[in-house]
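Q: This is the structure I want to talk about, given as structure tokens.
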Amino acid sequence: MTGRTWWKEAVIYQIYPRSFMDSNGDGIGDLQGIISRLDYLKYLGIDVIWLSPVYQSPNDDNGYDISDYRAIMEEFGTMENFDALLKGAHERDIRIVMDLVVNHTSDGHRWFVESRKSKDNPYRDYYIWREGKDAQTPPNNWGSCFGGSAWQYDGETGMYYLHLFSRKQPDLNWDNPKVREEIFDMMRWWCDKGIDGFRMDVISMISKTAEMPDGEGDGLYGDFGPYCVHGPNVHKYLREMNESVLSRYDIMTVGETSGVTTELAKQYAGENARELNMVFQFEHVESDGKYGKWTDEKISLVTLKKIMSRWQTELYGQAWNSLFWDNHDQPRAVSRFGDDRPAFREISAKMLATCLHMMQGTPYIYQGEELGMTNYPFGSPDEFRDIESINAYREWCTEGKLSHEVFWPCLVFKSRDNARTPMQWDDSENAGFTAGKPWIAVNPNYKEINARAETADPDSVFHYYKKLIALRKQNPVMVYGKYELLLPESDALFVYTRTLESTSLLVVCSFCDHETDFTVPDAFFGAPCLISNTNRSYEGKEIRLGAYEAFVLRKEV
């Protein structure tokens, strides 16, 4: 068993502030709204809040374009409100992890305002500027993650700046030591304020190759990945960050590292890597695209098991896993991996929770996941607020090669806005999220799916999550036990064991909407049930599982 730490044993809850709780009726969630719901989170039993960005921002990308790292977005409140949130959380033994966005800033950040003024400005080298191939052609053919070219021409100095995301999110030049020290100083400032860690946005992209050749691709633009993701100095810079900041505080860190492999994960988050505590890998949510990332098809269970199991086994004892089904950039878990039809929504949501929380690693719950919130029934492009979804519809449909009929189901299924509809607190108008007009539409199913109803119902999805979180604190095997997959070729059942010293768990999860037969392994025959999403016993050898049924047996040797 690897060394025990609080962040390995924690359960983390992600809050997307704009959509969590509005306290002043302007239709936008805010810090005071989060404070008003801390008792709800304490009751659920979570240990850590991961707060999506609350810094000052023009909001081109909902706060991931930061104009001032040491100020709070006015829509969300004040620094005094943040201090009150931190104090209120700590009084309830809940830690706060901030979202650190340092691959890029907003083009409204004072560094960039200065940088674009002249070629000899002291801040010029804070960003990545290049001459075009000619007067009309960018330095290379790279495409941005949000559509269009990754280069923006700036008439002030007649050069292009790099933006791997929105054109209003210029990439920082991490090769400049002044940039690194500015960032480290800002991080120390937040740590000294008392926060408990950082989730690091696209941290694997901070180092770019000096040579910036055209990227491969059969679409409009070339792929920047080989030159900007897991770049030449990324580990050097993260070790420098660790030495200068992270190692000096009792905090947790998790890096968003799209495209990471298990071997790379060990470099970023190995037990002795001196970089990060853990990383987010996205293989299980990025392997199902039909048109780029867009699809309306669910990943096959055999493929899902293969991916999840590889991370469980190859990181064991060497690096730490992050466990998640969804977040602010992904569709709702129950719609994507479970079954959001009314007859199956609750039981499949509980099954997914069982499957994930019994795995090895630190589990993350995205706001509303604990209620079984679902994807939104988008009816037209006008309903989207997400820059990625809006740009995708324009590129693939309005200007592109796909018809609305073909692309629309894919966009509706995968849009990030599915995760960003307001938290469903009760069955009053706007689901109790706001007294005003919400910034994005509330899912119409809030009358049936809401926190007030579920906290009052002991058989709800909420109480199932609450029980799983409590079990994790009582059963070290859930945190540290070794994982082994059973029935790898079954396209209906996800079955695995966890073993720590003399304790073993058998986890059985049905991913289908029909009955399935299962034979309990001899080693677990007669073992008591730790948790299940049904009310029946599991004493027999041959079990006919119902749709989306899940149970866990626990035995002592």
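The values are calculated or read from the model by the stated rules, or taken from the named source; none is laboratory data. Because the structure is predicted, anything quoted here is derived from the model rather than measured. Cβ atoms come from the backbone with ideal geometry, glycine included; neighbour counts cover every protein chain shown.
Q: Output the residues belonging to the stretch 364-381 that are in a loop (DSSP other than H, G, I, E, B) and under 19 Å from residue 423 (Cα atoms). Don't jump to the end; show me each part of the working.
A: In the first step, residues of the stretch 364-381 are kept if they are in a loop (DSSP other than H, G, I, E, B); the result is 367-368, 372-380.
Listed by number, the residues that qualify are 367, 368, 372, 373, 374, 375, 376, 377, 378.
Q: Tell me, which residue of the stretch 3-51 that is in contact with a Phe, Trp or Tyr (Cβ under 7 Å, 6 or more places away or on another chain) and over 18 Å from residue 88 (Cα atoms) is surrounded by the most Cβ atoms within 10 Å (Cβ to Cβ)?
A: 18
Q: Now a separate question. Given (1) of a type outside the set (S, T, N, Q); (2) crowded, with 19+ Cβ neighbours inside 10 Å; (3) at pLDDT 95 or above; (4) touching a helix residue (DSSP H, G or I) at 6+ places or on another chain (Cβ under 7 Å), identify the lone condition not met by residue 70.
A: Tallying (1) of a type outside the set (S, T, N, Q); (2) crowded, with 19+ Cβ neighbours inside 10 Å; (3) at pLDDT 95 or above; (4) touching a helix residue (DSSP H, G or I) at 6+ places or on another chain (Cβ under 7 Å), residue 70 fails exactly one: (2).
Q: Limited to the stretch 238-277, what total is found for residues that are more than 21 Å from residue 480 (Cα to Cα), crowded, with 23+ Cβ neighbours inside 10 Å and in contact (Cβ under 8 Å) with a residue 60 or more places away in the chain?
A: Selection size over the stretch 238-277: 1.
Q: Check residue 187 against each of (1) in a loop (DSSP other than H, G, I, E, B); (2) touching a strand residue (DSSP E or B) at 6+ places or on another chain (Cβ under 9 Å) and name the one condition it does not meet.
A: With (1) in a loop (DSSP other than H, G, I, E, B); (2) touching a strand residue (DSSP E or B) at 6+ places or on another chain (Cβ under 9 Å) applied to residue 187, the lone miss is (1).
Q: Give the stretch 108-143 a look and list any residue that's of a type in the set (S, T, N, Q) and under 22 Å from residue 176 (Cβ atoms), or say none.
A: 115, 118, 121, 140
Q: Of all residues in the stretch 457-476, how many are of a type outside the set (D, E, K, R), in contact with a strand residue (DSSP E or B) (Cβ under 9 Å, 6 or more places away or on another chain) and surrounded by fewer than 22 Cβ atoms within 10 Å (Cβ to Cβ)? Step through it out loud before you land on a result.
A: Taking the stretch 457-476 first, the residues of a type outside the set (D, E, K, R) are 458, 460-465, 468-471, 474-476.
Next cut, in contact with a strand residue (DSSP E or B) (Cβ under 9 Å, 6 or more places away or on another chain) only: 464-465, 468-469, 471, 475-476.
This time we only want the ones that are surrounded by fewer than 22 Cβ atoms within 10 Å (Cβ to Cβ), so: 469, 471, 475-476.
So the answer is 4.
Q: Out of 398, 421, report the one residue that is β-branched (Val, Ile, Thr) and assigned by TED's automatic domain parsing to the domain that holds residue 333. Before the answer, list the steps.
A: Details: 398 fails: assigned by TED's automatic domain parsing to the domain that holds residue 333.
The conditions single out 421.
Q: Here's another thing I want to ask about it. Given the conditions (1) out of contact with any Asp or Glu (no Cβ under 7 Å at 6 or more places or on another chain); (2) surrounded by fewer than 24 Cβ atoms within 10 Å (Cβ to Cβ); (3) not in a helix (DSSP H, G or I), and given that residue 430 satisfies all but one, which numbered condition is not satisfied?
A: The one condition residue 430 does not meet is (3).
Q: Moving to a separate point now. Looking only at the stretch 116-129, count how many residues are in contact with an Asp or Glu (Cβ under 9 Å, 6 or more places away or on another chain) and free of Cβ contacts under 8 Å to residues at least 24 places away in the same chain. Even if it seems obvious, please write down each step before you answer.
A: Initially, the stretch 116-129 is screened for residues in contact with an Asp or Glu (Cβ under 9 Å, 6 or more places away or on another chain), giving 116-118, 121-129.
Retained after the next criterion (residues that are free of Cβ contacts under 8 Å to residues at least 24 places away in the same chain): 121-124.
Going through the stretch 116-129 one residue at a time, the tally reaches 4.
Q: Additional query: Look at residue 487 and say whether it is in contact with a Pro (Cβ under 7 Å, 6 or more places away or on another chain) and not assigned by TED's automatic domain parsing to the domain that holds residue 365.
A: Numbers: in contact with a Pro (Cβ under 7 Å, 6 or more places away or on another chain): no; not assigned by TED's automatic domain parsing to the domain that holds residue 365: yes.
No; evaluated as a whole, the condition is false for this residue.
Q: I would also like to ask the following. Limited to the stretch 119-145, what total is found for residues that are in a loop (DSSP other than H, G, I, E, B), more than 26 Å from residue 395 (Cα to Cα) and charged (D, E, K, R)?
A: So the count comes out to 3.
Q: Starting from residues that are charged (D, E, K, R) and outside the structural domain of residue 133 (by TED's automatic domain parsing), keep the ones in the stretch 153-174 and report whichever is surrounded by the fewest Cβ atoms within 10 Å (Cβ to Cβ). Full working, then the answer.
A: Let us first name the residues in the stretch 153-174 that are charged (D, E, K, R), namely 154, 156, 167-168, 171.
Next, only the ones that are outside the structural domain of residue 133 (by TED's automatic domain parsing) stay: 167-168, 171.
Details: 167: 17, 168: 21, 171: 21.
Per the criteria, the residue is 167.
Q: Quick check: is even one residue across the stretch 355-363 assigned to a helix (DSSP H, G or I), outside the structural domain of residue 425 (by TED's automatic domain parsing), in contact with a Phe, Trp or Tyr (Cβ under 8 Å, 6 or more places away or on another chain) and not acidic (Asp, Glu)?
A: Residues of the stretch 355-363 that are assigned to a helix (DSSP H, G or I), as a first pass: 355-357.
From what is left, the residues that are outside the structural domain of residue 425 (by TED's automatic domain parsing) are none.
The answer is no; no qualifying residue exists.
Q: Find the residue count for the stretch 398-422, including only residues that are outside any helix (DSSP H, G or I), in contact (Cβ under 8 Å) with a residue 12 or more places away in the chain and not small (Gly, Ala, Ser).
A: At the first step, the residues of the stretch 398-422 found to be outside any helix (DSSP H, G or I) are 399-403, 415, 420-422.
Among the residues that remain, those that are also in contact (Cβ under 8 Å) with a residue 12 or more places away in the chain are: 402, 415, 420-422.
Filter once more, keeping what is not small (Gly, Ala, Ser): 402, 420-422.
Of the residues in the stretch 398-422, 4 are outside any helix (DSSP H, G or I), in contact (Cβ under 8 Å) with a residue 12 or more places away in the chain and not small (Gly, Ala, Ser).
Q: Another question, then. Working only within the stretch 511-551, note down all residues that are hydrophobic (A, V, I, L, M, F, W, C) and within 20 Å of residue 334 (Cα to Cα). Step through it out loud before you land on a result.
A: As a first pass, look at the stretch 511-551 and keep what is hydrophobic (A, V, I, L, M, F, W, C): 511-512, 518, 520, 523-525, 527, 529-531, 543, 545, 547, 550-551.
Correct list: 511, 512, 531, 545, 547, 550, 551.
Q: Here is a list of conditions, (1) closer than 20 Å to residue 421 by Cα; (2) surrounded by fewer than 21 Cβ atoms within 10 Å (Cβ to Cβ); (3) modelled with pLDDT of 95 or more; (4) not aromatic (Phe, Trp, Tyr), and residue 59 meets all of them except one; can you say which number that is?
A: Going through (1) closer than 20 Å to residue 421 by Cα; (2) surrounded by fewer than 21 Cβ atoms within 10 Å (Cβ to Cβ); (3) modelled with pLDDT of 95 or more; (4) not aromatic (Phe, Trp, Tyr) one by one, residue 59 breaks only (3).
Q: Note down all Cβ pairs under 8 Å where the first residue falls in the stretch 358-374 and is more than 20 Å from residue 347 (Cβ to Cβ), the second is among the basic types (Lys, Arg) and buried (at least 24 other Cβ atoms within 10 Å of the Cβ), and they're at least six residues apart or on different chains.
A: 360/498
Q: Let me ask something else. Among the residues in the stretch 453-473, are any free of Cβ contacts under 8 Å to residues at least 24 places away in the same chain, part of a helix (DSSP H, G or I) and more than 30 Å from residue 149 (Cβ to Cβ)? Can you show your working first?
A: Of all residues in the stretch 453-473, those free of Cβ contacts under 8 Å to residues at least 24 places away in the same chain come to 456-459, 463.
Narrowing the set further to residues that are part of a helix (DSSP H, G or I) leaves 463.
Next, from what is left, pick out any that are more than 30 Å from residue 149 (Cβ to Cβ): 463.
Within the stretch 453-473, one or more residues are free of Cβ contacts under 8 Å to residues at least 24 places away in the same chain, part of a helix (DSSP H, G or I) and more than 30 Å from residue 149 (Cβ to Cβ).
Q: Residue by residue through the stretch 203-212, note down the ones that are part of a loop (DSSP other than H, G, I, E, B) and not hydrophobic (A, V, I, L, M, F, W, C). First the steps, then the outcome.
A: Here is the first cut: in the stretch 203-212, the residues part of a loop (DSSP other than H, G, I, E, B) are 206-212.
Once the filter is applied, which keeps residues that are part of a loop (DSSP other than H, G, I, E, B) and not hydrophobic (A, V, I, L, M, F, W, C), the stretch 203-212 yields 207, 208, 209, 211.
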